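Report on the following structure.
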């Protein structure tokens, strides 16, 4: 039962193959098994590749099954249409388009499995890329928000500097009138005289201005700091909103690109493995000598071709003979006077009828 199934997979004529030896049947069963397992690997590879795209097994399995059946049909067609010839190079020339197609199929099959085999290494590469993308994203967003934030901070610093300068001036006035009272500076008289009062009034006025300046600037600083907090919150929201896009950078194309950054040697040998699997049925048919099945199949095909060619030749001969007979028969008829007179009589009657009909039409048109 299993052998008959694999023979079916090879595309061989089962009725014709049953008349061959056990060894010949086993050879085509082996070819069919290669075709079947190649399609099975194609199904697994396509299902995994589509799972990485759609992220759901309910879509990956049906589409993977369709792809596996497509590969099975292609391989079965390739093997069943490859005919053994007496010249190896003619066979190779015939098989060269099919070998090229096998290379394409091998690439398609091997790539998704490479993604699964090197999944941990690919995840590491993707993590590095995501980290770099995160830093680049923060830097780009910072170019939008940082200048405005720095400008606001400079405004706060300027307001605080204004207060500090006023405090320094007020402290200087305080030191001046205290030194006047102690007799260390100014008039050098100890006591609170008119000069002391004048300097004290200047200090008190400056102190009042300082208080008013502090109140005003504190309100301005609070307002500017609120704007800074708004800008910083906007920057944080922008980073938070864009981060899921970076975290979702895990699709099929991203993984293939990450695979390309890994050493090529292991991937190349996996590709060679699948190429060997894919071309195995074709190479087996090329390398094995012409067997009894090939001879019998060639006999059936040439028998049909010969029979068709014979029927076509017979039709051509029949047509040529019929043309010669027609020419001879009509030639003899043309030489008979009775036939000529009868033909002339009918032609005259036809011309009279046409003349009468033409006259009637002319009269109706008057």
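The values are calculated or read from the model by the stated rules, or taken from the named source; none is laboratory data. If you're wondering where the values come from, they're calculated on a predicted model, not measured in any experiment. Note: ideal-geometry Cβ built from the backbone for every residue, glycine included; neighbour counts use all protein chains shown.
A quick yes/no check of all residues on (1) within 30 Å of residue 220 (Cα to Cα); (2) surrounded by 15 or more Cβ atoms within 10 Å (Cβ to Cβ):
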| position | (1), (2) |
| --- | --- |
| 115 | no, yes |
| 128 | no, no |
| 139 | yes, no |
| 152 | yes, yes |
| 162 | yes, yes |
| 171 | yes, no |
Out of 114, 119, 175, 162, sole residue that is farther than 30 Å from residue 213 by Cα and either without any contact (Cβ under 8 Å) to a residue 60 or more places away in the chain or more than 23 Å from the chain's Cα centre (by Cα) (or both)
119
For residue 54, work out the one condition from (1) under 13 Å from residue 278 (Cα atoms); (2) touching a helix residue (DSSP H, G or I) at 6+ places or on another chain (Cβ under 7 Å) it doesn't fulfil.
(1)
Consider residue 43 carefully, then state whether it is within 17 Å of residue 106 (Cβ to Cβ) and either surrounded by fewer than 19 Cβ atoms within 10 Å (Cβ to Cβ) or not assigned by TED's automatic domain parsing to the domain that holds residue 281 (or both).
no
Going by the structure shown, is residue 49 in contact (Cβ under 8 Å) with a residue 40 or more places away in the chain, within 23 Å of residue 270 (Cα to Cα) and crowded, with 20+ Cβ neighbours inside 10 Å?
yes
Which of the residues spanning region 235-270 are part of a loop (DSSP other than H, G, I, E, B) and out of contact with any helix residue (DSSP H, G or I) (no Cβ under 8 Å at 6 or more places or on another chain)?
248, 263
Would region 64-83 turn up any residue that is under 22 Å from residue 251 (Cα atoms) and surrounded by fewer than 16 Cβ atoms within 10 Å (Cβ to Cβ)?
yes
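Applying the selection to region 10-23, what residues are assigned to a helix (DSSP H, G or I) and surrounded by fewer than 19 Cβ atoms within 10 Å (Cβ to Cβ)?
Matches in region 10-23: 14, 15, 16, 22, 23.
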Selected residue (criterion: modelled with the lowest pLDDT) from residues of region 71-86 that are part of a loop (DSSP other than H, G, I, E, B) and touching a helix residue (DSSP H, G or I) at 6+ places or on another chain (Cβ under 9 Å)
85
